[in-house]
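Take a look at the structure set out below.
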Amino acid sequence: MRSRAVSLGLLTILVSQAAASCEDDPEYEGICMEESTQLRADEANCSDPDGGASGFSWVFYRVGSVSHPPVGRKVAPGFTTSKPATGFYTGTIPRTGGFGTHSGTVAG
C-alpha cells in the first residue's frame, strides 16, 4: 500500500508541474507585416519585438488559429496589433506559409 501512495503522490506532482509549465507558454505567434499593403514580410524587417523598421509591424494570431501565407502574400484576417502580455513566438511560421510550431523564439 505504501508504494502505491508514493507513486500516486509522485504522479500528482509531475502532472501539476507539467500543467504549470504550459501556462507560461505564449498563446500567440507573430508575423511581420508591411503596413501599407498588409503583405507578409520577412521577419528581418521586424527584428525588434517592440516594432519593426519604418512601415513594418508585428501582427499576432492565437497559436494554430490560421494557416499563414508565404512571405509576399496578404496576411489572414483576424490578427491583432496589440502585443500580447505573455510574449509571442517568432520564427515559428515557415517563409513558405502554413501553420506555426512551438519551437520558435519567445519574444516580447
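Does Arg73 qualify as being of a type in the set (Lys, Arg) and surrounded by 18 or more Cβ atoms within 10 Å (Cβ to Cβ)?
no
Using beta carbons and a limit of 7 Å, which pairs, at least six apart or on different chains, have the first residue in the range 48-68 and at positive phi and touching a residue at least 12 places away in the same chain (Cβ under 8 Å) and the second one surrounded by 14 or more Cβ atoms within 10 Å (Cβ to Cβ) and of a type in the set (Asp, Glu)?
Gly55/Glu34; Gly55/Glu35
Exactly one condition in (1) buried (at least 17 other Cβ atoms within 10 Å of the Cβ); (2) β-branched (Val, Ile, Thr); (3) not in a loop (DSSP other than H, G, I, E, B) is false for Val106; which is it?
Condition not satisfied by Val106: (1).
Restricting to the range 46-66, name every residue that is at pLDDT below 90, over 13 Å from the mean Cα position of the chain (by Cα) and either surrounded by fewer than 20 Cβ atoms within 10 Å (Cβ to Cβ) or not in a loop (DSSP other than H, G, I, E, B) (or both).
Residues satisfying the conditions are Cys46, Ser47, Asp48, Asp50, Gly51, Ala53, Ser54.
The values are calculated or read from the model by the stated rules, or taken from the named source; none is laboratory data. What you see is a predicted model, and the numbers here were worked out from it, not measured in a lab. So basically every Cβ, Gly included, is an ideal-geometry build from the backbone, and we count neighbours across all protein chains shown.
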